[in-house]
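See below for the structure under consideration.
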Amino acid sequence: MSKKEVPSSIKDEALVTKRRNQMIKGAVTLFIEKGFHKTTTREIAKASGFSIGTLYEYIRTKEDVLFLVCDSIYQRVKERMEASIDPRETTVQSLIHAVRSYFQLMDDMQDEVLVMYQEVKSLTRDAQDYVLQKEREMVAMLEDVIRNSLPGRESEEEIKLLANNIFVQGQMWGFRRWILQRQFTIETYTDVQIQLLLNGVGEFQKQEGGA
(Lines give C-alpha, C1' and ligand atoms only; values in the text may rest on other atoms or scores of the structure.)
Protein backbone atom coordinates (compact mmCIF):
# COMPACT_ATOMS: atom_id res chain seq x y z
CA MET A 1 0.00 0.00 0.00
CA SER A 2 1.42 3.40 -1.01
CA LYS A 3 2.02 6.08 1.59
CA LYS A 4 -1.01 8.23 2.33
CA GLU A 5 -0.19 11.89 1.77
CA VAL A 6 -1.57 14.78 3.84
CA PRO A 7 -1.75 17.88 1.59
CA SER A 8 0.05 21.07 2.62
CA SER A 9 0.03 24.53 1.07
CA ILE A 10 3.73 24.87 1.98
CA LYS A 11 6.15 23.65 -0.69
CA ASP A 12 9.31 23.59 1.44
CA GLU A 13 9.48 19.89 2.40
CA ALA A 14 12.02 20.45 5.17
CA LEU A 15 9.80 23.09 6.76
CA VAL A 16 6.74 20.84 6.42
CA THR A 17 8.59 18.04 8.20
CA LYS A 18 9.77 20.40 10.96
CA ARG A 19 6.32 21.90 11.58
CA ARG A 20 4.57 18.54 11.47
CA ASN A 21 7.03 17.08 13.98
CA GLN A 22 6.20 19.99 16.30
CA MET A 23 2.51 19.31 15.69
CA ILE A 24 2.85 15.60 16.41
CA LYS A 25 4.72 16.22 19.68
CA GLY A 26 2.13 18.73 20.88
CA ALA A 27 -0.82 16.59 19.78
CA VAL A 28 0.42 13.42 21.50
CA THR A 29 0.64 15.27 24.82
CA LEU A 30 -2.92 16.58 24.41
CA PHE A 31 -4.35 13.26 23.23
CA ILE A 32 -2.84 11.50 26.25
CA GLU A 33 -4.36 14.12 28.56
CA LYS A 34 -7.74 14.76 26.92
CA GLY A 35 -8.30 12.31 24.10
CA PHE A 36 -8.64 13.11 20.40
CA HIS A 37 -12.28 14.21 20.38
CA LYS A 38 -11.96 16.63 23.30
CA THR A 39 -8.83 18.26 21.88
CA THR A 40 -9.34 21.27 19.61
CA THR A 41 -7.17 22.31 16.68
CA ARG A 42 -6.56 25.62 18.47
CA GLU A 43 -5.12 23.68 21.43
CA ILE A 44 -2.95 21.63 19.07
CA ALA A 45 -1.64 24.81 17.43
CA LYS A 46 -0.80 26.35 20.81
CA ALA A 47 0.93 23.18 22.02
CA SER A 48 2.88 23.11 18.75
CA GLY A 49 4.11 26.67 19.19
CA PHE A 50 2.33 28.40 16.32
CA SER A 51 -0.99 30.00 15.39
CA ILE A 52 -4.16 28.26 14.23
CA GLY A 53 -3.64 29.88 10.82
CA THR A 54 -0.18 28.40 10.54
CA LEU A 55 -1.53 24.99 11.59
CA TYR A 56 -3.91 24.93 8.64
CA GLU A 57 -1.05 25.59 6.23
CA TYR A 58 0.21 22.09 7.03
CA ILE A 59 -3.02 20.08 7.46
CA ARG A 60 -6.67 20.30 6.40
CA THR A 61 -8.51 18.76 9.34
CA LYS A 62 -7.96 17.58 12.90
CA GLU A 63 -8.17 14.02 11.55
CA ASP A 64 -5.05 14.80 9.49
CA VAL A 65 -3.21 15.53 12.74
CA LEU A 66 -4.33 12.19 14.17
CA PHE A 67 -3.14 10.39 11.05
CA LEU A 68 0.26 12.09 11.29
CA VAL A 69 0.50 11.09 14.96
CA CYS A 70 -0.41 7.44 14.30
CA ASP A 71 1.84 7.24 11.23
CA SER A 72 4.77 8.72 13.15
CA ILE A 73 4.34 6.36 16.10
CA TYR A 74 4.09 3.27 13.89
CA GLN A 75 7.17 4.36 11.95
CA ARG A 76 9.20 4.90 15.12
CA VAL A 77 8.16 1.51 16.49
CA LYS A 78 8.98 -0.18 13.18
CA GLU A 79 12.39 1.49 12.93
CA ARG A 80 13.33 0.53 16.48
CA MET A 81 12.20 -3.05 15.94
CA GLU A 82 14.27 -3.25 12.75
CA ALA A 83 17.30 -1.86 14.62
CA SER A 84 17.05 -4.31 17.53
CA ILE A 85 15.69 -7.49 15.92
CA ASP A 86 17.63 -9.57 13.41
CA PRO A 87 15.19 -12.08 11.87
CA ARG A 88 18.11 -13.95 10.27
CA GLU A 89 19.38 -15.28 13.60
CA THR A 90 18.59 -18.97 14.08
CA THR A 91 18.70 -19.71 17.81
CA VAL A 92 16.14 -19.67 20.60
CA GLN A 93 18.26 -16.95 22.21
CA SER A 94 17.53 -14.72 19.24
CA LEU A 95 13.80 -15.16 19.89
CA ILE A 96 14.31 -14.28 23.55
CA HIS A 97 16.32 -11.20 22.53
CA ALA A 98 13.60 -10.15 20.09
CA VAL A 99 10.89 -10.41 22.75
CA ARG A 100 13.01 -8.44 25.26
CA SER A 101 13.73 -5.73 22.71
CA TYR A 102 10.10 -5.44 21.68
CA PHE A 103 8.75 -5.35 25.26
CA GLN A 104 11.32 -2.69 26.22
CA LEU A 105 10.21 -0.66 23.22
CA MET A 106 6.59 -0.93 24.36
CA ASP A 107 7.66 0.31 27.81
CA ASP A 108 9.58 3.25 26.33
CA MET A 109 6.65 4.29 24.11
CA GLN A 110 3.71 3.17 26.24
CA ASP A 111 1.92 6.55 26.20
CA GLU A 112 2.21 6.92 22.44
CA VAL A 113 1.11 3.35 21.78
CA LEU A 114 -1.88 3.78 24.07
CA VAL A 115 -2.93 6.94 22.21
CA MET A 116 -2.55 5.17 18.89
CA TYR A 117 -4.82 2.29 19.79
CA GLN A 118 -7.37 4.43 21.58
CA GLU A 119 -7.75 6.85 18.69
CA VAL A 120 -6.98 4.96 15.47
CA LYS A 121 -10.70 4.17 15.12
CA SER A 122 -11.29 7.88 14.51
CA LEU A 123 -9.28 7.79 11.27
CA THR A 124 -10.91 7.40 7.88
CA ARG A 125 -11.06 3.86 6.56
CA ASP A 126 -8.24 4.31 4.05
CA ALA A 127 -6.03 5.90 6.72
CA GLN A 128 -6.80 3.02 9.10
CA ASP A 129 -5.88 0.52 6.39
CA TYR A 130 -2.58 2.32 5.80
CA VAL A 131 -1.43 2.49 9.44
CA LEU A 132 -2.63 -1.04 10.21
CA GLN A 133 -0.60 -2.34 7.29
CA LYS A 134 2.43 -1.10 9.22
CA GLU A 135 1.29 -3.20 12.17
CA ARG A 136 1.03 -6.25 9.93
CA GLU A 137 4.61 -5.61 8.79
CA MET A 138 5.81 -5.52 12.42
CA VAL A 139 4.00 -8.77 13.24
CA ALA A 140 5.62 -10.29 10.14
CA MET A 141 9.05 -9.41 11.59
CA LEU A 142 8.20 -11.43 14.70
CA GLU A 143 6.96 -14.27 12.50
CA ASP A 144 10.35 -14.36 10.76
CA VAL A 145 12.17 -14.49 14.11
CA ILE A 146 9.99 -17.39 15.32
CA ARG A 147 10.29 -19.23 12.00
CA ASN A 148 14.10 -18.99 12.07
CA SER A 149 14.50 -19.58 15.81
CA LEU A 150 12.31 -22.69 15.85
CA PRO A 151 12.95 -24.16 12.38
CA GLY A 152 10.53 -26.91 11.46
CA ARG A 153 8.97 -27.05 14.91
CA GLU A 154 5.83 -25.00 14.35
CA SER A 155 3.28 -24.83 11.55
CA GLU A 156 2.69 -21.54 9.72
CA GLU A 157 -0.62 -21.20 11.54
CA GLU A 158 1.10 -21.56 14.91
CA ILE A 159 3.88 -19.14 13.94
CA LYS A 160 1.35 -16.45 13.02
CA LEU A 161 -0.56 -16.93 16.27
CA LEU A 162 2.63 -16.89 18.37
CA ALA A 163 3.75 -13.68 16.68
CA ASN A 164 0.39 -12.01 17.35
CA ASN A 165 0.47 -13.23 20.96
CA ILE A 166 3.89 -11.65 21.50
CA PHE A 167 2.77 -8.44 19.80
CA VAL A 168 -0.31 -8.10 22.02
CA GLN A 169 1.55 -9.09 25.20
CA GLY A 170 3.97 -6.24 24.60
CA GLN A 171 1.13 -3.78 24.10
CA MET A 172 -0.64 -5.12 27.17
CA TRP A 173 2.13 -3.65 29.32
CA GLY A 174 0.82 -0.24 28.31
CA PHE A 175 -2.89 -1.09 28.28
CA ARG A 176 -2.84 -2.73 31.72
CA ARG A 177 0.06 -0.86 33.31
CA TRP A 178 -2.16 0.52 36.10
CA ILE A 179 -2.51 -3.04 37.42
CA LEU A 180 0.60 -4.80 36.13
CA GLN A 181 3.07 -2.24 37.49
CA ARG A 182 1.85 -2.92 41.02
CA GLN A 183 3.33 -6.41 40.76
CA PHE A 184 5.89 -6.37 37.95
CA THR A 185 8.73 -4.30 36.60
CA ILE A 186 9.15 -4.39 32.83
CA GLU A 187 12.05 -6.80 33.40
CA THR A 188 10.09 -9.27 35.55
CA TYR A 189 7.05 -8.98 33.28
CA THR A 190 9.26 -9.80 30.30
CA ASP A 191 10.92 -12.73 32.08
CA VAL A 192 7.58 -14.31 32.98
CA GLN A 193 6.12 -13.81 29.50
CA ILE A 194 9.22 -15.37 27.90
CA GLN A 195 9.02 -18.34 30.26
CA LEU A 196 5.34 -18.83 29.44
CA LEU A 197 6.13 -18.61 25.73
CA LEU A 198 8.92 -21.19 25.93
CA ASN A 199 6.87 -23.47 28.16
CA GLY A 200 3.99 -23.27 25.72
CA VAL A 201 6.18 -24.18 22.77
CA GLY A 202 7.76 -27.04 24.73
CA GLU A 203 4.38 -28.32 25.93
CA PHE A 204 3.02 -28.27 22.38
CA GLN A 205 6.02 -30.27 21.15
CA LYS A 206 5.57 -32.73 24.01
CA GLN A 207 1.93 -33.32 23.12
CA GLU A 208 2.79 -33.71 19.44
CA GLY A 209 5.31 -36.35 20.42
CA GLY A 210 2.61 -38.36 22.10
CA ALA A 211 3.93 -37.98 25.65
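The values are calculated or read from the model by the stated rules, or taken from the named source; none is laboratory data. In this text, all values refer to a predicted model and were calculated from it rather than measured experimentally. Cβ: placed from backbone, ideal geometry, glycine included. Neighbour counts: every protein chain shown. Keep in mind that these areas ignore ligands, DNA and RNA; they rest on the heavy atoms of the full protein, side chains included. Shrake-Rupley method; radii C 1.70, N 1.55, O 1.52, S 1.80 Å.
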- the range 47-76 residues that are under 16 Å from I10 (Cα atoms) and in a helix (DSSP H, G or I), paired with ones that are at pLDDT below 90 and open to solvent by 20 Å² or more (accessible area, probe 1.4 Å) (beta carbon under 9 Å, 6 or more apart): D64/P7
- Look through the range 136-176, keep the residues that are among the acidic types (D, E) and assigned to a helix (DSSP H, G or I), and return whichever of them is most open to solvent (accessible area, probe 1.4 Å). E157
- Taking the condition touching a helix residue (DSSP H, G or I) at 6+ places or on another chain (Cβ under 7 Å) and either surrounded by fewer than 18 Cβ atoms within 10 Å (Cβ to Cβ) or charged (D, E, K, R) (or both), does R182 pass? no
- Message: Just to be sure I understand, how many residues within the range 43-94 are within 18 Å of V16 (Cα to Cα) and surrounded by 13 or more Cβ atoms within 10 Å (Cβ to Cβ)?
- Response: 25
- Quick one: E187 ticks every box in (1) in contact with a Gly (Cβ under 9 Å, 6 or more places away or on another chain); (2) without any contact (Cβ under 8 Å) to a residue 24 or more places away in the chain bar one, so which box is it? (1)
- One residue from I32, I24, I44 being at pLDDT below 90, part of a helix (DSSP H, G or I), closer than 20 Å to K121 by Cα and of a type in the set (A, V, I, L, M): I32
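When you check Q104 against the structure, is it under 26 Å from G26 (Cα atoms) and in contact with a helix residue (DSSP H, G or I) (Cβ under 7 Å, 6 or more places away or on another chain), yes or no?
Yes.
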- In the range 6-20, is there at least one residue being open to solvent by 20 Å² or more (accessible area, probe 1.4 Å), β-branched (V, I, T) and part of a loop (DSSP other than H, G, I, E, B)? yes
- Looking at (1) at pLDDT 90 or above; (2) surrounded by 13 or more Cβ atoms within 10 Å (Cβ to Cβ); (3) in a loop (DSSP other than H, G, I, E, B), which is the only condition H37 fails? (2)
- Scan L132, L123, L114 and give me the residue that is among the aliphatic types (A, V, I, L, M) and open to solvent by 40 Å² or more (accessible area, probe 1.4 Å). L132
